[in-house]
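Asker: This structure is in structure tokens; I'll ask about it shortly.
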Amino acid sequence: VGDDDQSIYSWRGAEVGNILRFENDFPGSKVVRLERNYRSTHHILGAASGLISKNQGRLGKTLWTELNEGEKVCVRGVWDGVEEARVVGDEIETQQKRGNSINEMAVLVRAGFQTREFEERMITLGLPYRIVGGARFYERLEIRDAIAYLRVISQPDDDLAFERIINTPKRGLGNATIQTINVYARAKRIPMIVAVTHLLETDEIGARARTNLRELLNDFSRWRTLAGEIDHVDVARQVLDESGYTTMWQLSKAPEAPGRLENLKELLSAMEDFGNLQGFLEHVSLVMENEASTSEEKVTLMTLHGAKGLEFDTVFLPGWEEGLFPHQRALDEGGSSALEEERRLAYVGLTRARKKVMITFAANRRVYGNWQSAIPSRFIDEIPPENVDSIVEQGLYGTGVMSGDEVGFPTTFDSERHSQISGGPYRNFSRWKNSVSTTKAHGSVDFELGQRIFHQKFGYGMILSINGDKL
């Protein structure tokens, strides 16, 4: 028994070909297709079946159900990742007010770093949530390590933070050396970092350890000076690079290493929301001290891979953008076979839902500290239009960058207009992609007063005055 359309673990050694070749490997076998679905509504199954039909490597089946048609899959386009989290949070609250249990709601992400903005939004709204298959963002090992470095810069007396990173990455310090530092610090009633300064003048620790510790203290002294001179995000980036922490994960062969690097870059993005390092560290403290809710009902946050086999009444699928889903790293490493597995992952996400699915994509996303323009995932284009209701914000992809006419669809959608659009709202994926990736020559774009725009550095705004080439 197996479902070729749900084979999503090739990176763990799973091989969809085992199912596809079964009839040839075992002559005389008979394939029985189990096509009746007892979970999802007609529109959800229609969306999932239409999407997965684009795969070549499959035996093929058509899911059907005796359940009612239900709601169409909602595709929502937003301005950026922050608004995406707000839209999802608002919808969860709306569903909750209608009497629906948040226990039956799940946010399924492609990459672990995506949970950060949803976690912070739910904390703001007071919505209890659980992370399944992993730790909360600020509780993840690599995030705790990075924050420990920043705490020592901001507060050198923080012994817990200093002890956490004194030998991370490895600096040739054995347990005996760290114990010597601890004992000396307690005996003198001084912080560990001060104890290290004293011990560097003695022979109580080995010569190699002394050299490495002296370099570490010099690094902290330099970073502390930098913290008063340059932007705190740049300080953090420099600390992660110069300490060797980023390199440690880049060289790691562990399967979770790429995800840890993504989380570190997401941490830098999170820091941009604060004016200084101290403000960010205070925010982290408040988040960490936020006691786990005793409520039995919680929204579930997890990755699409972790969601296989589960089901919820309402499923939110954020980040359906090219490069994020399908994931660029997967495409670079696996080509067309990886694309088909990404599509199977999308199929798994859609079919987790019993009643309602909301897919979201952002026109702009701050990735690793930099704003990037994003285009909708090709998977959105592949969902049959009769199973979709689209909501795209006014002016999205049309604010002095490109107009709705250029991409072949209007800038706003509703269910009534949706049926009037030939081929559905996302029929011009390749044309859309080419248009977005083309940089227009200076002065070739006509701007107007009152126009809503997006700026790489300053974010969103409205044009209040125009003076030559200055807006």
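The values are calculated or read from the model by the stated rules, or taken from the named source; none is laboratory data. These numbers were taken from a predicted model, which means no experiment stands behind them. FYI the Cβ positions are ideal-geometry reconstructions off the backbone, even for glycines, and counts take in every protein chain you see. Quick note on the areas: whole protein, heavy atoms, side chains included, nothing else; ligands and nucleic acids left out. Shrake-Rupley method; radii C 1.70, N 1.55, O 1.52, S 1.80 Å.
Asker: For segment 35-95, which chymotrypsin sites (Phe, Trp or Tyr not before Pro) are in a loop by DSSP, counting at most 12 other Cβ atoms within 10 Å? Write down the numbers at each step before the final one.
Answerer: Numbers: sites: TYR38, TRP64, TRP79; in loops: TYR38, TRP79.
Sites meeting the loop and neighbour criteria: TYR38.
Asker: Another question about this same structure. GluC sites (Glu not before Pro) within segment 201-308: which are DSSP loop residues with at most 10 other Cβ atoms inside 10 Å? Spell out each step's value before the answer.
Answerer: Details: sites: GLU201, GLU204, GLU215, GLU229, GLU242, GLU256, GLU262, GLU266, GLU272, GLU282, GLU289, GLU291, GLU296, GLU297; in loops: GLU201, GLU204, GLU229, GLU256, GLU272, GLU291, GLU296, GLU297.
Those satisfying the criteria are GLU201, GLU229, GLU291, GLU296.
Asker: How much solvent-accessible surface does GLU83 expose, in Å² to the nearest 10, with a 1.4 Å probe and all protein chains in place?
Answerer: Rounded to the nearest 10, the figure is 30 Å².
Asker: Let me ask something else about it. Roughly what % antiparallel, to the nearest 5, for the DSSP beta bridges in the chain?
Answerer: Values: 11 of 38 bridges.
Percent antiparallel among DSSP bridges in the chain is about 30.
Asker: For the chain, what does -39500 (n - 2.57) per DSSP helix run (n ≥ 4), summed and divided by total residues, give at 222 nm, in deg cm²/dmol to the nearest 500? Please list the in-between numbers first.
Answerer: On the way: 20 runs with 205 residues, N = 471.
Only helices count here, giving -13000 deg cm²/dmol.
Asker: To continue, here is another question. Take the solvent-accessible surface of the protein heavy atoms, probe 1.4 Å, and return the percent of it on segment 91-139 that carbon and sulfur atoms account for.
Answerer: Details: 770 of 1930 Å².
For segment 91-139, the apolar C and S fraction of the accessible surface comes to 40 percent.
Asker: For the chain, with equal point scatterers placed on the C-alpha atoms only and solvent neglected, what are the log10 I(q)/I(0) values from the Debye formula at q = 0.09, 0.11, 0.12 1/Å, to two decimals?
Answerer: Each listed q corresponds, in turn, to -0.72, -1.00, -1.12.
Asker: Just by accessible area at a 1.4 angstrom probe, what is the order of PHE447, PHE316 from largest to smallest?
Answerer: Values: PHE447 80, PHE316 0 Å².
Result, largest first: PHE447, PHE316.
Asker: Checking the cross-link filter: which lysines have an alpha carbon closer than 17 Å to that of LYS298, excluding same-chain neighbours under 8 positions apart?
Answerer: LYS97
Asker: Any idea of the accessible area per residue across the chain, 1.4 Å probe, to the nearest Å²? Walk me through the intermediate numbers first.
Answerer: On the way: 23260 Å² over 471 residues.
Spelled out: the 1.4 Å probe surface of the chain, per residue, equals 49 Å².
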